[in-house]
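Engineer: The structure follows.
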Amino acid sequence: MAVTLFWTPLLVVLLAGLGDTEAQQTTLHPLVGRVFVHTLDHQTFLSLPEHVAVPPAVHITYHAHLQGHPDLPRWLRYTQRSPHHPGFLYGSATPEDRGRQVIEVTAYNRDSFDTTQQRLVLEIADSEGPLLPYQAEFLVRSHNVEEVLPSTPASRFLSALGGLWEPGELQLLNITSALDRGGRVPLPIEGRKEGVYIKVGSASPFSTCLKMVASPDSHARCAQGQPPLLSCYDTLAPHFRIDWCNVTLVDKSVPEPADEMPTPGDGILEHDPFFCPPTEAPDRDFLVDALVTLLVPLLVALLLTLLLAYVMCCRREGRLKRDLATSESDFSGPRVLQAPRPSPGDFCARGSAFGTVCWWWSGSGIQMVHHCTIHGNTEELRQMAASREVPRPLSTLPMFNVRTGERLPPRVDSAQVPLILDQH
């Protein structure tokens, strides 16, 4: 009861403090078809002064979701390597995502258990400037996705890629982790990275070097485990290790032909000499087939039942044959005689008190001979075995010496008798 009284005012104070705290609101302007990156920095959520650095021991994690929904929109992703590192919201909006979207971010301080909320208002609009019909996607094996999201590595990648492309403005279109594209989590070995796909667009056509990398000959060499054809110097190395067998080039400068609309017809197929469906289907009566299917098995079962009943009930000839072969005078009953030695054909039963009594049936019929039960014989054998006086074997007597045949007195203390008699 005391614990309850202690926690009740504390919860009231915490809930009151949370109710007074208003979530911070920030407005951002993502563009359709361009990469969007927003950094969730610890300093922003801790509300520290500008000249005060974030303590290195602070552990903060984030949870972001679309307002009114449990998860983020399909074009937006969230990543954070560890509670010591900042989080990132990144993605590329599509034309269907134009408009206003509100993202709610909650920061959790794992040390003090404080929570801070921030509301991000995304005003998604169409991109301005020239179209970027030439798009290339590269797989960078040497980086993780959070290592490329900051502006400095992204600018360095575009500058290095300018040596392989025709002079022109290059822009980042999208950044995707290799794990989101079906990649495997690397082993915990130094130098192994998850990998990241970087999609770049430009208004200038592809260079001859990039076209050679994406040629069918290069794909054939990659299928055999060989490096693809690269006619120019790799300006991305050594900062970015590119998997040249996973380079994709997309040319949207030539519009795709529109799909032809199907022309509705009258619903009648044209004449085909190989397909001649029947014009008329004659009526068919299935009554006969149904009767044959049902009645034939029933008739067979009925015949088998009658045959079995005749064999079981009407063919009982044993009793009549016995009455005809045996007259009534033969059944005059059993006669009991007392004889010192019974004949072999008689049924004999020996008793200890009444002597030997034999029963048999007289007459011309078949004599019914019964065998003696083994109960009486078993009792007699037990009585005979109990009356025998046979001495016990010497080997079963206590302290019997097999070598000398001597017996020790039964009153001798067995603890004083050695196991081997030759030892004393």
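The values are calculated or read from the model by the stated rules, or taken from the named source; none is laboratory data. None of the values given here were measured: they were computed from a predicted structure. Cβ placement follows ideal geometry from the backbone for every residue including glycine, while neighbour counts extend to all protein chains displayed. Only protein heavy atoms, including side chains, enter the accessible area calculation; ligands, DNA and RNA are left aside. Shrake-Rupley method; radii C 1.70, N 1.55, O 1.52, S 1.80 Å.
Engineer: From the list Gly68, Gly33, which residue is open to solvent by less than 30 Å² (accessible area, probe 1.4 Å), out of contact with any strand residue (DSSP E or B) (no Cβ under 6 Å at 6 or more places or on another chain) and at pLDDT 85 or above?
Structural biologist: Selected residue: Gly33, the only one of Gly68, Gly33 that is open to solvent by less than 30 Å² (accessible area, probe 1.4 Å), out of contact with any strand residue (DSSP E or B) (no Cβ under 6 Å at 6 or more places or on another chain) and at pLDDT 85 or above.
Engineer: Among the residues of the stretch 221-242, are any under 43 Å from the mean Cα position of the chain (by Cα), acidic (Asp, Glu) and under 30 Å from Leu172 (Cβ atoms)?
Structural biologist: For the stretch 221-242, residues under 43 Å from the mean Cα position of the chain (by Cα), acidic (Asp, Glu) and under 30 Å from Leu172 (Cβ atoms): absent.
Engineer: Of all residues in the stretch 83-121, how many are closer than 27 Å to Asn144 by Cα, open to solvent by 30 Å² or more (accessible area, probe 1.4 Å) and either in contact with a helix residue (DSSP H, G or I) (Cβ under 8 Å, 6 or more places away or on another chain) or of a type in the set (Gly, Ala, Ser) (or both)?
Structural biologist: 2
Engineer: Against the conditions (1) part of a helix (DSSP H, G or I); (2) touching a residue at least 40 places away in the same chain (Cβ under 8 Å); (3) surrounded by 15 or more Cβ atoms within 10 Å (Cβ to Cβ), where does Lys199 fall short? Just the number, please.
Structural biologist: (1)
Engineer: Within the stretch 133-146, how many residues are open to solvent by 20 Å² or more (accessible area, probe 1.4 Å) and either farther than 23 Å from Ala93 by Cβ or over 35 Å from the mean Cα position of the chain (by Cα) (or both)?
Structural biologist: 7
Engineer: Identify the single condition in (1) within 27 Å of Pro73 (Cβ to Cβ); (2) assigned to a loop (DSSP other than H, G, I, E, B) that Ser142 does not satisfy, given that it satisfies every other one.
Structural biologist: In the conditions (1) within 27 Å of Pro73 (Cβ to Cβ); (2) assigned to a loop (DSSP other than H, G, I, E, B), Ser142 misses (1) alone.
Engineer: Do any residues in the stretch 159-170 that are closer than 17 Å to Pro133 by Cα have Cβ atoms under 7 Å from those of residues that are open to solvent by 30 Å² or more (accessible area, probe 1.4 Å) and in a loop (DSSP other than H, G, I, E, B), where the two are at least six apart or on different chains, and which pairs are they?
Structural biologist: Taking only residues 6 or more apart or on different chains, the pairs are Glu166/Pro205; Gly168/Ala203; Glu169/Ala203; Leu170/Gly162.
Engineer: Could you please let me know if Pro277 is farther than 30 Å from Glu166 by Cα, open to solvent by less than 90 Å² (accessible area, probe 1.4 Å) and more than 49 Å from the chain's Cα centre (by Cα)? If you could, list the steps in order and put the result at the bottom.
Structural biologist: Details: farther than 30 Å from Glu166 by Cα: yes; open to solvent by less than 90 Å² (accessible area, probe 1.4 Å): yes; more than 49 Å from the chain's Cα centre (by Cα): yes.
Yes, satisfied.
Engineer: Starting from the stretch 72-98, take each residue that is within 14 Å of His29 (Cα to Cα) and assigned to a strand (DSSP E or B) and list its partners that are of a type in the set (Lys, Arg) and open to solvent by 50 Å² or more (accessible area, probe 1.4 Å), counting only C-beta distances under 9 angstrom and pairs at least six apart or across chains.
Structural biologist: Taking only residues 6 or more apart or on different chains, the pairs are Leu89/Arg77; Tyr90/Arg77; Gly91/Arg74; Gly91/Arg77; Ser92/Lys199.
Engineer: Right, another one. Identify all residues within the stretch 152-184 that are of a type outside the set (A, V, I, L, M, F, W, C) and part of a strand (DSSP E or B); write none if there are none.
Structural biologist: Gln171, Asn174, Thr176, Ser177
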